[in-house]
């Protein structure tokens, strides 16, 4: 019973302690087992927390028994529990896959460090999702960012180094903007506890420092979540990172940044402040639409599949932000569901591309000619995940599009419905690029695909199954997302 | 416009002006310079300016550390200092990682100038298939 009350702390502590353990163990096999055990344990904890939250409401946990707002508080509510499950779930699937994948992509001497960095990245992302303290968010953000720079730099292509460097520069600017915003909010309110900050801000709302903080926060978080036009770091980072890292980061890192945005917009500043005083709705709407259309169009012209789907990620982030711009329960439900659905879908895509890389040596369009005949299962998987990106009924992506369209109709914006459908055609175009190359070209004779271990195939199949299951049964995605959206729209606590 | 203690604006808000100057100068270096090391130096200045943003308002002239005693009435706020201690550690780690990456980039490309690296990446001989 005593353990159960400390689950919120253990959620972060388990991967945090497992990280140095992998360094001490050193042997890649032992490090691998530790990392997988830690991520599965974290998944179990997050599921237990989610059930607890669904059953009996939000959990507040005072670190070291110092009560909030003076002490640091961990808070698990409908939204954060969903993020915890997403991060730990994706990590639990990607880590078993990673072993076979990094054997082909990362020098053996660095394998144990790969697991260390991976665990630290999980720690950071979980910390952001669970903490109720503004400065804590920054610290965890930097833990996850620094470890993800290292993970990206582990890619075997030398361009991975430059990609990691660029991400480091952009990411640090973004994180520093977030600290500036938190600093200004602290100066105005004298508290760092998010809930307390939200309450106290009500008295100083609309003052210039608060508006400046809002601006800094928006730009900083937008850099982190790769909102168009602040997305430049993303394509190279995803394209040249080791496949397992691309899959994990694409599925979780940008999503957690969106979570930070939601948390600050709706619980700290409050909806009336963000959307009432400034034309944020229109700004986000324009940036989201520009992101969707520009990134999808660029994706069509890519020759490397990893880059193609990286640009697709930027356009999908456009849909996520589009949902935020409605500032309605339906819009936010679409956002939160898409965090989850796109995380699962894009995770599956990059795991599949990892299999392609592992067996054919690269994922350029020139290399995957006739892949449909050489590797029928993998190709079919990419097509299935592609259908989810387009938003075909029966896949997870459809659920989001459905709620986005509902939200647009709620506000009577017919033209937006038209744009959402039109943007799906663009997604169809870039997915078709793969279909055309893989199914309508003769296979290359000079490439003999190597066999792929079951440890890579199984996690991928699991995520693909999730894409279909979450497309058909929305009980476990839409219902919690709607609860979270209602909580956010409820305003500052 | 008057600052705290009734000083005229510029002097009263002296620390803020310094902060903003360093902030903009650092960001400018990051954007304008092509040398990867100089970019990191700019990034360092940019981050350091934020330390000032936190620490300066926490200090009250004549204030002491928060000691509960009859003889002390005016306290400085220690919390920003503690926060910035954490931020400094993060900054050092970022700088170290950035420099490590630059070393690796130098080994791989033979240069630390951004335009030369981009030129090498654009040329077909860079090993892309």
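The values are calculated or read from the model by the stated rules, or taken from the named source; none is laboratory data. The structure displayed is predicted, hence computed values, not measured ones. Cβ atoms come from the backbone with ideal geometry, glycine included; neighbour counts cover every protein chain shown.
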**Prompt:** Is at least one residue of the stretch A:461-474 farther than 27 Å from residue A:86 by Cβ, modelled with pLDDT of 85 or more and assigned to a helix (DSSP H, G or I)?
**Reply:** no
Subset of the stretch A:475-488, residues surrounded by fewer than 16 Cβ atoms within 10 Å (Cβ to Cβ) and in a helix (DSSP H, G or I), comes to A:479, A:486
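Given the criteria over 30 Å from residue A:485 (Cβ atoms), within 14 Å of another protein chain (Cβ to nearest Cβ) and in contact (Cβ under 8 Å) with a residue 40 or more places away in the chain, does residue A:104 qualify?
Values: over 30 Å from residue A:485 (Cβ atoms): yes; within 14 Å of another protein chain (Cβ to nearest Cβ): no; in contact (Cβ under 8 Å) with a residue 40 or more places away in the chain: yes.
Spelling it out, it is not the case that residue A:104 is over 30 Å from residue A:485 (Cβ atoms), within 14 Å of another protein chain (Cβ to nearest Cβ) and in contact (Cβ under 8 Å) with a residue 40 or more places away in the chain.
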Here the qualifying pairs (Cβ atoms under 9 Å; residues six or more apart or on different chains; first in the stretch A:223-250 and at positive phi; second buried (at least 24 other Cβ atoms within 10 Å of the Cβ)) come out as A:226/A:234; A:226/A:254; A:226/A:257; A:226/A:291; A:226/A:313; A:226/A:314; A:226/A:317
Among A:260, A:274, A:245, the single one that is modelled with pLDDT of 90 or more, under 19 Å from residue A:323 (Cα atoms) and touching a helix residue (DSSP H, G or I) at 6+ places or on another chain (Cβ under 8 Å) is A:260
All-but-one check, residue B:74 against (1) touching a helix residue (DSSP H, G or I) at 6+ places or on another chain (Cβ under 9 Å); (2) farther than 17 Å from residue B:48 by Cβ, failing number (1)
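Quick one: which of B:82, B:92, B:18, B:55 is free of Cβ contacts under 8 Å to residues at least 60 places away in the same chain and either closer than 26 Å to residue A:161 by Cβ or more than 18 Å from the chain's Cα centre (by Cα) (or both)? Talk me through it step by step, then tell me what you get.
On the way: B:82 fails: either closer than 26 Å to residue A:161 by Cβ or more than 18 Å from the chain's Cα centre (by Cα) (or both); B:18 fails: either closer than 26 Å to residue A:161 by Cβ or more than 18 Å from the chain's Cα centre (by Cα) (or both); B:55 fails: either closer than 26 Å to residue A:161 by Cβ or more than 18 Å from the chain's Cα centre (by Cα) (or both).
Every option except B:92 fails the conditions.
Condition test on residue A:447, is it farther than 17 Å from residue A:352 by Cα and in a helix (DSSP H, G or I)? So that I can check it myself, show each step before the final result.
Details: farther than 17 Å from residue A:352 by Cα: yes; in a helix (DSSP H, G or I): no.
So residue A:447 fails the test.
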Going through the stretch A:429-440 in order, the residues found to be surrounded by fewer than 18 Cβ atoms within 10 Å (Cβ to Cβ) and in contact with a helix residue (DSSP H, G or I) (Cβ under 9 Å, 6 or more places away or on another chain) are A:429, A:432, A:435, A:439, A:440
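Take residue A:461 and decide whether it is under 27 Å from the mean Cα position of the chain (by Cα) and more than 22 Å from residue A:337 (Cα to Cα).
Working: under 27 Å from the mean Cα position of the chain (by Cα): yes; more than 22 Å from residue A:337 (Cα to Cα): no.
The answer is no for residue A:461.
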Counting only residues that are touching a strand residue (DSSP E or B) at 6+ places or on another chain (Cβ under 6 Å) and assigned to a helix (DSSP H, G or I), the stretch A:94-133 contains a total of 1
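Each row is one residue, and each column tells you yes or no for (1) surrounded by fewer than 17 Cβ atoms within 10 Å (Cβ to Cβ); (2) out of contact with any strand residue (DSSP E or B) (no Cβ under 6 Å at 6 or more places or on another chain); (3) assigned to a helix (DSSP H, G or I); (4) at pLDDT 90 or above.
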| residue | (1), (2), (3), (4) |
| --- | --- |
| A:20 | yes, yes, yes, yes |
| A:39 | no, yes, yes, yes |
| A:42 | no, yes, yes, yes |
| A:49 | no, no, yes, yes |
| A:53 | no, no, yes, no |
| A:74 | no, no, no, yes |
| A:88 | no, yes, yes, yes |
| A:92 | no, yes, yes, yes |
Residue count, the stretch A:153-188, condition more than 8 Å from every other protein chain (Cβ to nearest Cβ) and outside any helix (DSSP H, G or I), comes to 3
